[in-house]
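Trainee: Sharing a structure here in structure tokens format.
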Amino acid sequence: MFDIGFTELMVIGVVALIVIGPERLPKVARTAGHLYGRLQRYVSSVKSDISHEIQLDEIRRAGQSFKESVESAASGVERQANVVDDYLRNEVGNVGKVMAAMAVTEGDRPVTEPALKRVETEQTPQQSLPLDEPDQNPSQAAEVAPPTRKSE
């Protein structure tokens, strides 16, 4: 903290002995020691508080960067899920068109372009899949049996 050598301490001690006197010198030295100890404790507590605040700031930054990375990953997964959902809805629509065309031709003849065009003009609204919500009826999910293995 301060660069005070032994000779400086001796000069201060001699001056204090002359100015204060031998009767009050021990009491003044004791009080000066207590004040010096308090000063050291105060400085060390300020240092530890500053260190603690720096660590908290680093933790906040790390938490914020982690939150941003999780949010970006979640948005990426959501975009991919939307792409898959759109693709599946498209395929369901195509299968529906083919099935409707087959129903029009009554399975007698192969599906032709005119039959597909006639079905497209009569198209019914497509049912939306509730992919955004989790399964609200877990008992139905439990009723579905797992696939069985074929015996050879």
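Trainee: Every residue in the stretch 49-96 that is acidic (Asp, Glu) and free of Cβ contacts under 8 Å to residues at least 40 places away in the same chain, please. So that I can check it myself, show each step before the final result.
Mentor: Pass one, the stretch 49-96, residues acidic (Asp, Glu): 49, 53, 57-58, 68, 71, 78, 85-86, 91.
ASP49, GLU53, ASP57, GLU58, GLU68, GLU71, GLU78, ASP86, GLU91 - these are the residues of the stretch 49-96 that are acidic (Asp, Glu) and free of Cβ contacts under 8 Å to residues at least 40 places away in the same chain.
Trainee: Can you tell me how many residues in the stretch 1-33 are loosely packed, with under 10 Cβ neighbours inside 10 Å and polar (S, T, N, Q)?
Mentor: 1
Trainee: For GLY5, state whether it is in contact (Cβ under 8 Å) with a residue 24 or more places away in the chain and small (Gly, Ala, Ser).
Mentor: Numbers: in contact (Cβ under 8 Å) with a residue 24 or more places away in the chain: no; small (Gly, Ala, Ser): yes.
Against the criterion (in contact (Cβ under 8 Å) with a residue 24 or more places away in the chain and small (Gly, Ala, Ser)), GLY5 does not qualify.
Taken together, the values in this text are just the output of simple stated rules run on the coordinates, not laboratory data. Just so it is clear, the structure is predicted and the values come from calculations on it, not from any experiment. Don't worry about glycine lacking a Cβ; one is built from the backbone with ideal geometry, like all the others, and counts go over all protein chains shown.
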